[in-house]
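**Student:** The structure under discussion is supplied below as structure tokens; questions concerning it will follow.
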Amino acid sequence: MSSTDKHFCRFCGTELEHTFVDLGDTPLANSFLSAQQLGQPEPSYPLHARVCSECLLVQVAAVVPPEEIFSDYAYFSSYSSTWVEHSRRFAQQSIRRFSLDRQSLVVEVASNDGYLLRHYAEAGISVLGVEPAANVAEAAREVGVPTEVRFFGEELAHELRQRGDAADLLIGNNVFAHVPELNDFAAGLAVMLKEEGAVSLEFPHLLRLIEQVQFDTIYHEHFCYFSLWSAQRVLEHHGLRVFDVEHLPTHGGSLRVFADHAEVASHRIPAGRGAPARAARSKERSSRNAHGRWCRIAPAL
Ligand SMILES: [Zn+2]
């Protein structure tokens, strides 16, 4: 690819003219080398994050097809005991908050090895995982989590709806940032979600990346870097309304965003939660006003 190629925002289509940070050519993360490969040159790919001047989505171009990265994935969520505990707590909280019971269906996109859905299944709630990595999905099935081995998008969501699956709770933890076809993914969420259901998405917070110069969280699998503002714009474009947000300590500082169908707006903003959400937006706004600063991060690394 030549440096004169144009790049366009994967959400709004605007030409990307501003560099967020250019890390040059780097090898793929999580692609571990065999002993035989150590003496050979390792393929490397451009790792150049750009920011859209229209929607402020920070993104890297998909230089490697997702099939190459995710079809045989080395990351099993259950290997991390802190992540398993984080997930167990979330399952318990969400069962109470959304009054989930034996009539409910919880769907997780990028459900990995069933680290999260197993907690709902143990509570007698129906679950369905969607996971493109066959080796990881097999581990999920072994712990009783039925799993579709597919990439999630609008087409799969329609297929699942047609066979009667619709999510009361639709979860996407650390997947929203990993999808190159962002609009197809967000459209799929809206299709998959029951009329009065809720979406819960967790993703690393761009503001933390900027404040703490977490340049090492930029890698080829991580296509988008969201602020609350940019995530909200993407979801709203697909008919989903954000009704709550939480700050999380995971992955250097993440957001958990809850959304529902905008037309139905069936979930109320919890008392006391409006203030933190307003504060988060206000802090992001001051960073946006300093937009020029984002483009000057690279020399600071
Ligand atoms: Zn854009």
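FYI, it's all coordinate maths here, none of it is from the lab. All values reported here derive from a predicted model rather than from experimental measurement. Here Cβ is always computed from backbone atoms with ideal geometry, including for glycine, and neighbour counts include all displayed protein chains.
**Student:** Rounded to whole Å and ordered largest first, report the semi-axes of the equivalent ellipsoid of the stretch 112-261 derived from its Cα gyration tensor (root of 5λ).
**Tutor:** Over the Cα atoms of the stretch 112-261, the ellipsoid semi-axes are 25, 19, 15 Å.
**Student:** Along Cα→Cβ, 7 Å out, is where each label goes; now give me the distance between the ones at Glu122 and Ile269 in nm to one decimal.
**Tutor:** Computed distance between label sites Glu122 and Ile269 equals 3.6 nm.
**Student:** Continuing with this model, one more query. Looking at the stretch 232-269, which trypsin sites (Lys or Arg not before Pro) are in a loop (DSSP not H, G, I, E or B) and have at most 10 other Cβ atoms within 10 Å?
**Tutor:** Taking the stretch 232-269 and a limit of 10 other Cβ atoms within 10 Å, the loop trypsin sites (Lys or Arg not before Pro) found are Arg268.
**Student:** In nm, to one decimal, how far is the modelled label at Gln212 from the one at Glu15, with both set 7 Å along Cα→Cβ?
**Tutor:** So the label points at Gln212 and Glu15 sit 3.7 nm apart.
**Student:** Let me ask you something else. Shape of the stretch 25-64 from its Cα gyration tensor (a ≥ b ≥ c, root eigenvalues): rounded if a/c is under 1.5, otherwise prolate when a/b > b/c, or oblate?
**Tutor:** Verdict is prolate for the stretch 25-64.
**Student:** Return an integer: the convex hull volume of the alpha-carbon atoms of the stretch 91-143, in Å³ per residue. Could you put the intermediate results ahead of the total?
**Tutor:** Working: hull volume 3.3 nm³, N = 53.
Hull volume over Cα atoms, normalised by residue count, gives 63 Å³.
**Student:** So what are the three principal axis dimensions of the chain from its Cα atoms, in whole Å, longest to shortest?
**Tutor:** 54, 51, 35
**Student:** Assuming R0 = 51 Å, can you tell me the calculated FRET efficiency for the pair Ala166 and Gln37, based on Cβ-Cβ distance, to the nearest 0.05?
**Tutor:** Numbers: r = 45 Å, r/R0 = 0.89.
Efficiency for this residue pair is about 0.65.
**Student:** Only loop residues by DSSP count here, and only those with at most 11 other Cβ atoms within 10 Å; note down the trypsin sites (Lys or Arg not before Pro) in the stretch 149-228 that meet that.
**Tutor:** When the trypsin sites (Lys or Arg not before Pro) of the stretch 149-228 are filtered for loop state and at most 11 Cβ neighbours within 10 Å, Arg163 remain.
**Student:** Here is a follow-up. About the Cα centre of the chain, what is the dipole size in debye to 20, counting +1 per Lys and Arg Cβ and -1 per Asp and Glu Cβ, all else neutral?
**Tutor:** 1340
**Student:** Across 10 Å bins from the origin, how do the percents of Cα pairs in the stretch 184-238 run, short distances first?
**Tutor:** Each 10 Å bin holds this share of Cα pairs: 19, 47, 26, 8.
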